[in-house]
1. Can you tell me how many residues in segment 363-389 are of a type in the set (D, E, K, R) and crowded, with 19+ Cβ neighbours inside 10 Å?
2. Just one of V288, V323 is open to solvent by less than 50 Å² (accessible area, probe 1.4 Å), β-branched (V, I, T) and either without any contact (Cβ under 8 Å) to a residue 60 or more places away in the chain or more than 19 Å from V224 (Cα to Cα) (or both); which is it?
3. Condition first: touching a Leu at 6+ places or on another chain (Cβ under 6 Å) and of a type outside the set (G, A, S). Can you find one or more residues in segment 63-74 that meet it?
4. Just for segment 159-171: of the residues that are of a type outside the set (A, V, I, L, M, F, W, C) and either closer than 14 Å to F197 by Cβ or at pLDDT 90 or above (or both), which one is nearest to the chain's Cα centre (by Cα)?
5. For segment 122-153: of the residues being of a type in the set (D, E) and more than 24 Å from the chain's Cα centre (by Cα), which is farthest from H273 (Cα to Cα)?
6. Scan segment 248-269 for residues that are touching a residue at least 60 places away in the same chain (Cβ under 8 Å), touching a strand residue (DSSP E or B) at 6+ places or on another chain (Cβ under 6 Å) and either of a type in the set (A, V, I, L, M) or within 13 Å of R218 (Cβ to Cβ) (or both) and jot them down.
7. Go through segment 350-378 residue by residue and tally those that are touching a residue at least 60 places away in the same chain (Cβ under 8 Å) and touching a Phe, Trp or Tyr at 6+ places or on another chain (Cβ under 8 Å).
8. Going residue by residue through segment 91-104, is there one that turns out to be open to solvent by less than 60 Å² (accessible area, probe 1.4 Å), assigned to a loop (DSSP other than H, G, I, E, B), over 30 Å from L155 (Cα atoms) and not small (G, A, S)?
Amino acid sequence: MHTTPSAPPRLLLLGGANPLPSSVDIVGLALDQARSRGIRTHVTHRAEMLASTPRITERADGASAVDPEDAGACLRWARDRLAAGDRFDAVLGLRDTVLDATARTASLLGVPGNEPAAVRRTRNKDACREALTRAGFRQPAVRLCGTADEAAAFLAESAGPWVVKPRDGMGSVGVTKVNGPRELPAALGALPDRSPFLVEEFVTGAEFSAEGVFLGGRPRVLAVTAKELLPPPCFVEIGHVLPAELPEAARREIEDRVCAALTALELRFGVFHVELWLTGDGVVLGEVHVRPGGDWLHSLLTYAVPGLELFGLLYDDLLGRPVRQDLAPTRAAAVRFLAPAPGRLVRVRGWEELLAHPAVLRAELTVTPGTVLPPVRHSGDRAGFVVVGADTPAGARRLAERLAASVDFVVEPARAA
């Protein structure tokens with residue numbers, strides 16, 4: 001980044017925020033931490049999204065209506081700004097769907113960023129698995145399928161159970177465990193569309209994720225998160241604890257494999273969230289994301305590492321300023337999601353008492369009386385969450401579980417609804 005009194009550094013935050021509390025919170029932190037360092041910010045998004053996220057547009061120094069998921073439109077806009085004598089010193093995108101446009105725009109502007117080819121490879125789950133396999137990392141067998149017959153053939157050739165999932169999905173939408181051929185039609189029916197989909201071998205092992213940032217072009221893991229899922233056939237996350245309760249050797253193995261994988265994938269810029277399993281044979285890598293983790297993991301991380309400014313680390317590195325080094329978690333946090341029984345919600349009991357607990361950092365109900373609660377098949381079906389802080393991971397996990405269990409959702413039977 002350039003730093004002169006007459007020309008302060010400028011950040012283009014491509015894609016801004018979506019009107020979800022966690023998205024607004026993450027992008028707000030990115031803007032605030034830039035402003036505190038004298039960086040001027042400009043946000044782009046579709047016009048209706050800019051209008052629906054006033055807390056973001058008000059905190060940025062400028063905003064433009066551009067579809068961040070249309071890389072061509074972003075490049076045309078950036079060329080027009082360059083022709084007008086405008087400039088940006090960094091480009092950042094904080095959602096999967098804007099990362100291709102972010103990488104291509106950074107390349108056009110000649111500023112730090114990931115190579116577009118590396119981002120595209122990472123965004124396609126099968127291409128990412130293939131690249132990691134070639135680099136020597138353990139990966140489950142996977143097949144890109146266009147038809148039910150192709151999926152059935154893969155089941156016949158590989159070891160089950162299996163997982164059916166969209167090639168490029170989020171929030172556990174359309175992800176289903178399959179134990180045998182008879183369950184395949186229902187899993188295919190749960191896919192969100194008829195696009196090519198993936199079938200891969202199911203990995204048995206505890207699930208974790210690694211949260212971190214690239215500094216000097218090299219990955220730095222800040223914490224490992226333990227995750228808990230609802231029972232199959234779906235794979236909805238119900239809770240996270242940061243840092244994970246792990247032996248030191250296991251934590252180091254995870255950090256080493258994640259950093260090696262990110263390097264092998266030729267990624268070098270931004271914030272990352274890498275999912276993985278710890279099996280009897282070691283680490284098996286899952287999905288790789290060059291953006292912050294969802295599910296309020298950024299709140300868990302900033303509580304566990306007091307005073308941490310996640311995006312501030314990135315900015316300080318770009319500005320050539322000293323970067324904070326004491327980044328190990330010294331306390332713990334957990335999030336627990338609410339997954340009540342399906343039916344029409346009549347009332348909620350115990351919520352005000354939960355909010356009054358001194359260890360609660362954030363909490364939100366996403367349903368109101370009268371809402372018809374569906375079975376929880378993807379992240380959007382959850383009814384709310386509570387984030388707590390504690391001295392230890394075990395303490396945070398127990399408290400989050402207890403507070404979530406204290407909330408009573410009174411529902412009418414689904415038939416009555």
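1. Initial filter on segment 363-389 (of a type in the set (D, E, K, R)): 364, 377, 381-382.
If we keep only those that are crowded, with 19+ Cβ neighbours inside 10 Å too, we end up with 381-382.
Total satisfying the criteria: 2.
2. Values: V288 fails: either without any contact (Cβ under 8 Å) to a residue 60 or more places away in the chain or more than 19 Å from V224 (Cα to Cα) (or both).
V323 is the lone residue from the list that is open to solvent by less than 50 Å² (accessible area, probe 1.4 Å), β-branched (V, I, T) and either without any contact (Cβ under 8 Å) to a residue 60 or more places away in the chain or more than 19 Å from V224 (Cα to Cα) (or both).
3. yes
4. The first filter runs over segment 159-171 and keeps only residues of a type outside the set (A, V, I, L, M, F, W, C), leaving 160-161, 165-169, 171.
Still in the list and also either closer than 14 Å to F197 by Cβ or at pLDDT 90 or above (or both): 161, 165-169.
Numbers: P161: 26, K165: 17, P166: 16, R167: 16, D168: 13, G169: 12 Å.
Residue satisfying both the conditions and the ranking: G169.
5. Selected residue: D149.
6. A261, R268, F269 - these are the residues of segment 248-269 that are touching a residue at least 60 places away in the same chain (Cβ under 8 Å), touching a strand residue (DSSP E or B) at 6+ places or on another chain (Cβ under 6 Å) and either of a type in the set (A, V, I, L, M) or within 13 Å of R218 (Cβ to Cβ) (or both).
7. Start the filter on segment 350-378 by keeping residues that are touching a residue at least 60 places away in the same chain (Cβ under 8 Å), which leaves 361-362, 364, 376-378.
With touching a Phe, Trp or Tyr at 6+ places or on another chain (Cβ under 8 Å) added as a condition, the list becomes 361-362, 364.
Looking only at that region, the number is 3.
8. Here is the first cut: in segment 91-104, the residues open to solvent by less than 60 Å² (accessible area, probe 1.4 Å) are 91-103.
Filter once more, keeping what is assigned to a loop (DSSP other than H, G, I, E, B): 93-95.
Right, trim to over 30 Å from L155 (Cα atoms) and you get 93-95.
Okay, now just the ones that are also not small (G, A, S), so 94-95.
Checking segment 91-104: at least one residue is open to solvent by less than 60 Å² (accessible area, probe 1.4 Å), assigned to a loop (DSSP other than H, G, I, E, B), over 30 Å from L155 (Cα atoms) and not small (G, A, S).
The values are calculated or read from the model by the stated rules, or taken from the named source; none is laboratory data. Remember, predicted model here, so these are calculated numbers, not experimental data. Using ideal geometry, Cβ is built from the backbone for each residue, glycine included, and neighbour counts are taken over all protein chains shown. We work out accessible area using only protein heavy atoms, side chains counted, and drop any ligands, DNA or RNA first. Shrake-Rupley method; radii C 1.70, N 1.55, O 1.52, S 1.80 Å.
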